[in-house]
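Reading through the structure tokens given below for one structure.
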Number of protein chains: 2
Amino acid sequence: MKLSLQQRAYLAGFLDADGSIYVQAKKNQTYKFGYQIAPYIVFYQSSKSNLFQEVYKLIGFGHVRMRKDGVTEYIIGKKEDILNFIDIISPYLILKKKQIMILKQILKQKELVKNEEDFETILQLCNSFQDLNYSKKRKIRTLCP
Amino acid sequence: MKLSLQQRAYLAGFLDADGSIYVQAKKNQTYKFGYQIAPYIVFYQSSKSNLFQEVYKLIGFGHVRMRKDGVTEYIIGKKEDILNFIDIISPYLILKKKQIMILKQILKQKELVKNEEDFETILQLCNSFQDLNYSKKRKIRTLCP
């Protein structure tokens, strides 16, 4: 997909205004270190609108989920799609630059994990994320609580 | 203020994702035709964030209002600022192109109003607006109900 610089900047503005960037560290004993690391970039719009059709035409990947509360989410969750999207928009981001850099770092670190210590680094990165997103129901996750 | 094409496109994306464009026709008998026509472009963010500082650095006009419910509004309400902003972003808008064109038309028509019929045209434009914004508490306004 070839996007012009203006289209990339447009998507950066869209993400800064409306998007969420986060990584869930879900407890899951079927994973080697007891956690599943699930990264997301999500946009939100009223389900009454069909705005995401236009955004999808630009982006060309991701999927849509209609919530019961009338909000539709546009979710980019696959690792390669996220990395692709980060490359497209990161030069133009203003507000969520930090979040996107940490997300990139987490995805990179994930490939390099060899032991619990490495994995602990990822969990700490996930925590620093939640500080930036000023979540109320923040959970500090660690391998050695 | 000089903005690059990418900065303009970024602001268009921001507006498409997060912004509201609307015109209030408020009953007010001190006005010649019984209504005050008040146009707005508004952005919304959590009051916990200071994201609007960055947006203000780019735009250079507008004002901020902190609501009691934890939402901060960034409001562009002055006619000349609105027209200025429309010029900056309209080439890059995707989702809210129609709304912005109607807003521009309303501001233009307002200058040309000579009689009740002209004013009725403006009220009809305000109504068409609300259809686009799929407001639930939609009020059809007219001079001759």
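List, largest first, the extents of the alpha carbons of the protein assembly as shown along their principal axes, each in whole Å.
Taking max minus min along each principal axis of the Cα atoms, the protein assembly as shown gives 78, 35, 31 Å.
Any idea what the dipole of the stretch B:28-135 comes to, in debye rounded to 20, about its Cα centre with Lys/Arg Cβ at +1 and Asp/Glu Cβ at -1?
Approximately 320 debye in magnitude.
Between B:SER49, B:SER128, B:SER90, find the one with the highest GNM mean-square fluctuation for chain B; connect C-alpha pairs within less than 10 Å.
B:SER49
How much FRET efficiency would the formula 1/(1 + (r/R0)^6) give for A:PHE61 and B:LYS79, where r is the Cβ-Cβ distance and R0 is 51 Å, rounded to 0.05?
With R0 = 51 Å, the Cβ-Cβ based efficiency is 0.80.
Taking 8 Å as the Cα distance limit and 6 or more residues as the minimum spacing, I'd like the relative contact order of the stretch A:20-121 as a percentage.
Relative contact order, the stretch A:20-121: 23 percent.
Quantify how much of the Cα-Cα distance distribution of the stretch B:5-132 extends past 21 Å, in percent.
The proportion of pairs with Cα distances above 21 Å equals 42 percent.
To the nearest 10 degrees, how steeply does helix B:79-89 sit against the main Cα axis of chain B, on a 0 to 90 scale?
50 degrees
Set the bar at 27 Å for Cα to Cα. Now go through B:LYS32/B:LYS97; B:LYS32/B:LYS78; B:LYS57/B:LYS96; B:LYS26/B:LYS57 and name every pair that lies beyond it.
B:LYS32/B:LYS97; B:LYS26/B:LYS57
Hey, for A:ARG67 with labels 7 Å out along Cα-Cβ, what do the inter-copy distances come to in nm, ordered shortest first?
Distances to the matching label points in the other copies: 1.6 nm.
Would you tell me which residue of chain A has the beta carbon closest to the rotation axis bringing chain A onto chain B, and how many whole Å away it is?
A:GLY13, 1
Based on DSSP H runs of at least 4 residues, each adding -39500 (n - 2.57), what is the mean residue ellipticity at 222 nm of chain B after dividing by all its residues, to the nearest 500 deg cm²/dmol?
Result for chain B, helices only: -15000 deg cm²/dmol.
Coordinate-derived values only; no laboratory data. What you see is a predicted model, and the numbers here were worked out from it, not measured in a lab. No Cβ is skipped: glycine too gets one built from the backbone with ideal geometry, and neighbour counts run over all protein chains shown.
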